[in-house]
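Notes follow the structure.
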Amino acid sequence: MKTIFLAKYLIFMLFLGIFVFLLASGCGAAGSFAMNSGRSHEESVMSAPIRLLTVCGVKSVAISALGPCKIVSGENKFQIMALKAGDLEITCSDKGLSVNGDSVSAAIIRVVPDGGKIKIGEIVFRGIAEIRYEKNAMNVINELGIEELVMSQVGREVSSGFKPEALKAQAIAARTFVLHEKIHSKFKVYDLKNLEGPGKIYFGTVTEHVPGNEAVEATRGITLRYGGETAFTPYFSNCGGYTEDVTEVWGTASKEPYLSPVPCFFCKPGEHYAWQTEIAKAHILATLNAAGYPAGDISEIDPNYEISKSGRTKTVRIAADKGKITLSLNEFRSIVGYNVLRSARSLTCRPRSGTFYFTGKGWGHGVGMCQDGANGMAKQGHSYKEILRRYYPGTEISSR
Ligand SMILES: [Zn+2]
């Protein structure tokens, strides 16, 4: 018996040794499994912090520690200083970085709060701030957990008065969107640009609200997947009755079958369902002229010269003294102002005295989840799973 036991023990130790060797060498079974499993790779991407380029190419940046924090070197993590709280003025010259006037011998420093938050400029951020000295200027990267980013995104996107199931659907859509962006990022030092302007994704703690944070916590780690990969899950305010096909907005290179038009009966009571606006003819004439379309005078604007299957404008035809002018929707929006037309769905246009009067339905690009529709479904007793299945049909809701 002792001999058999000893043999079993030796065989066990042999296999254990081989396993440890393979693990340590980063190759063989353990390494291959990690490399070949997209899901495993994506889980590790999600559990790692996300890095956002937040300030770019400055000579000076004000960072406040809203509690105890450490400043460490980025390269080898030695501590430069520790603070209970306070303001830091980080500057750079051709000699490198300085903190409150004292030069530091590191090209990368990290302000690491001890469980608290930091202020970069006037905005309070979760996570840490990494200051990188490059080409006689500084970039600041905010590094934080994906769940922390999602809290800010949910609070910014939808009201705290939304029903809990709609907030959960928004949390999952936002988490999936961020993860998809991170996975497909082409940047190396950071994952995403978070500078002022379109594409900014993190707005700090100011946009968070308690119901939104609770929805993030209740759905922690849950994402949508399609074909074994993290889905692309855009969202917008109100579809005006029908969502849009992804190819109409992001081009024919987009092939997500779960981003096809679906009817939406739930957003009609939403405050963004219908809109109207009036645009001065003189403004349209001036911007048309500046864009290389001298018009003379305009008698009519046909906003439905070409429309998509979901009833959204693709091209606009303008009847002008100097001939017909045909513009893509995007060109037309650049003429009247990008934020003037809230959506492209069900547009009408009537000339008035010195103006053109536009009406339309919905708010936003229309691809993916209609947020007012999600809330309408939640009010009717639908779960977050039913909401997500409706607006991203065919996707799977991943388990944590
Ligand atoms: Zn809708």
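Would you please name the residue that is farthest from TRP275 (Cα to Cα), looking only at residues in the stretch 319-332 that are in contact with a strand residue (DSSP E or B) (Cβ under 9 Å, 6 or more places away or on another chain) and surrounded by fewer than 18 Cβ atoms within 10 Å (Cβ to Cβ)?
Only one residue fits best here, namely ASP321.
Would you confirm, using the coordinates I've provided, whether ILE146 is modelled with pLDDT of 95 or more and farther than 13 Å from VAL216 by Cβ?
No: the conditions fail for ILE146.
If a residue must be buried (at least 23 other Cβ atoms within 10 Å of the Cβ) and among the hydrophobic types (A, V, I, L, M, F, W, C), how many such residues does the stretch 201-231 contain?
Matching residues across the stretch 201-231 total 4.
Scan the stretch 289-318 residue by residue and report those that are out of contact with any Leu (no Cβ under 9 Å at 6 or more places or on another chain), surrounded by 15 or more Cβ atoms within 10 Å (Cβ to Cβ) and among the aliphatic types (A, V, I, L, M).
Passing the criteria: only ILE301.
Which residues, taken from the stretch 46-85, are more than 26 Å from the chain's Cα centre (by Cα) and over 19 Å from GLY115 (Cβ atoms)?
Across the stretch 46-85, the qualifying residues are LYS59, SER60, SER73, GLY74, GLU75, ASN76, PHE78, ILE80.
Filter the stretch 252-269 down to residues that are without any contact (Cβ under 8 Å) to a residue 40 or more places away in the chain and under 19 Å from the mean Cα position of the chain (by Cα) and give me whichever is nearest to the ligand (Cβ to nearest atom).
Among them, the one singled out is GLU256.
Here is a yes/no grid of residues against (1) under 30 Å from THR233 (Cα atoms); (2) in contact with a strand residue (DSSP E or B) (Cβ under 6 Å, 6 or more places away or on another chain); (3) aliphatic (A, V, I, L, M):
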{"position": "LEU52", "(1), (2), (3)": "yes, yes, yes"}
{"position": "THR91", "(1), (2), (3)": "no, yes, no"}
{"position": "VAL104", "(1), (2), (3)": "no, yes, yes"}
{"position": "ALA129", "(1), (2), (3)": "yes, yes, yes"}
{"position": "ALA137", "(1), (2), (3)": "no, yes, yes"}
{"position": "ILE146", "(1), (2), (3)": "yes, yes, yes"}
{"position": "GLY155", "(1), (2), (3)": "yes, no, no"}
{"position": "SER160", "(1), (2), (3)": "yes, no, no"}
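Can you find, within the stretch 376-394, the residue that is nearest to VAL249 (Cα to Cα) among those that are surrounded by 24 or more Cβ atoms within 10 Å (Cβ to Cβ) and out of contact with any Cys (no Cβ under 8 Å at 6 or more places or on another chain)?
TYR392
GLU278 is checked against (1) surrounded by fewer than 17 Cβ atoms within 10 Å (Cβ to Cβ); (2) at pLDDT below 95 and fails just one. What number does that condition carry?
(2)
Is at least one residue of the stretch 275-284 away from the ligand (no atom under 16 Å from the Cβ), within 30 Å of PRO49 (Cα to Cα) and in contact with a strand residue (DSSP E or B) (Cβ under 7 Å, 6 or more places away or on another chain)?
No, the stretch 275-284 contains no residue that is away from the ligand (no atom under 16 Å from the Cβ), within 30 Å of PRO49 (Cα to Cα) and in contact with a strand residue (DSSP E or B) (Cβ under 7 Å, 6 or more places away or on another chain).
Which one of these is over 19 Å from ASN375 (Cα atoms), away from the ligand (no atom under 16 Å from the Cβ) and touching a strand residue (DSSP E or B) at 6+ places or on another chain (Cβ under 8 Å): THR230, THR247?
Criteria check complete, one pass: THR230.
Among the helices (runs of 4 or more DSSP H) confined wholly to the stretch 324-400, which include 2 or more residues that are within 16 Å of the ligand (Cβ to nearest atom)?
371-379, 384-391
The values are calculated or read from the model by the stated rules, or taken from the named source; none is laboratory data. Note that the coordinates shown come from a computational prediction; the quantities given were computed from them, not determined experimentally. Positions of Cβ are generated from backbone atoms using ideal geometry, with glycine treated the same way; all protein chains shown enter the neighbour counts.
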